[in-house]
Amino acid sequence: DVKVTQSSRYLVKRTGEKVFLECVQDMDHENMFWYRQDPGLGLRLIYFSYDVKMKEKGDIPEGYSVSREKKERFSLILESASTNQTSMYLCASTETGQVNGYTFGSGTRLTVV
Amino acid sequence: GQNIDQPTEMTATEGAIVQINCTYQTSGFNGLFWYQQHAGEAPTFLSYNVLDGLEEKGRFSSFLSRSKGYSYLLLKELQMKDSASYLCAVRDPTENQAGTALIFGKGTTLSVSS
């Protein structure tokens, strides 16, 4: 069964901490994405990557960075966590042209206190 | 600009039929997707339309009209487990270099009662 795995299901961090959210896929997909999902706002794209070491900003990249050193792993980094980054974070991957669209990870619910 | 609209909430009863509409205005178009998302879980793929017409898959069907920028998801013989959010998403090949980006609507929360 193909999978996108996010390392943590729930996470609580303090304001100002550096936070790493990890995502690993086993489908050899070129494209990986990080979204955050908030009530009433839907899914908003933070960053995506279409190849190793390649990245592009999404709609809301401020306060975030990403790393893709290996094809299967895409990390989201909160440089200095703030309370307005409390959210559900979803990782997704897809092969270019794949008709099923994205495969999502199970999500990480991050609370910044 | 990019915009995808769908109703915020809908309610229905077990055994009924419900239609969830989605309208979109995007710079490009290369397919429309419907996802189901239960509370606290990740979205899961339901359907994909790239040509006009109806795609049927069991109790779920999805329709697309590209000229009208319109799609709907039809759920038949509703069950309590169908209570979830339903996300409409458009693949816009102009959005990123790889042509893979999906633009999501805010989702429609469907509540099914007995």
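Restricting attention to segment A:23-39, the residues that are open to solvent by 50 Å² or more (accessible area, probe 1.4 Å) and under 21 Å from residue A:65 (Cβ atoms) add up to 1. Evaluating residue B:67 against the criteria (1) more than 30 Å from residue A:55 (Cβ to Cβ); (2) within 14 Å of another protein chain (Cβ to nearest Cβ) leaves one unmet condition, (2). One residue alone among B:3, B:21 is open to solvent by 40 Å² or more (accessible area, probe 1.4 Å) and closer than 20 Å to residue A:35 by Cα, and that residue is B:3. Residue A:37 fulfils the conditions (1) touching a residue at least 40 places away in the same chain (Cβ under 8 Å); (2) within 13 Å of chain B (Cβ to nearest Cβ); (3) more than 20 Å from residue B:89 (Cβ to Cβ) except for a single criterion, (3). For segment A:55-113, taking the residues that are crowded, with 21+ Cβ neighbours inside 10 Å and of a type in the set (Val, Ile, Thr), the one that is farthest from the other protein chains (Cβ to nearest Cβ) is identified as A:66.
Name the residue that is nearest to the other protein chains (Cβ to nearest Cβ), counting only residues in segment B:70-114 that are open to solvent by 50 Å² or more (accessible area, probe 1.4 Å) and within 17 Å of residue A:44 (Cβ to Cβ). Walk me through it before giving the result.
In the first step, residues of segment B:70-114 are kept if they are open to solvent by 50 Å² or more (accessible area, probe 1.4 Å); the result is B:70, B:76-77, B:79-81, B:93-95, B:97, B:106, B:109, B:111, B:113-114.
From the residues that got through so far, the ones that are within 17 Å of residue A:44 (Cβ to Cβ) too are B:95, B:106.
Working: B:95: 9, B:106: 4 Å.
The residue in question is B:106.
The values are calculated or read from the model by the stated rules, or taken from the named source; none is laboratory data. Please read these numbers as outputs of a predicted model, since none were measured by experiment. Neighbour counts are summed over all protein chains in view; Cβ atoms, including those assigned to glycine, are modelled from backbone coordinates with ideal geometry. SASA here: full protein model, heavy atoms, side chains in, ligands and nucleic acids out. Shrake-Rupley method; radii C 1.70, N 1.55, O 1.52, S 1.80 Å.
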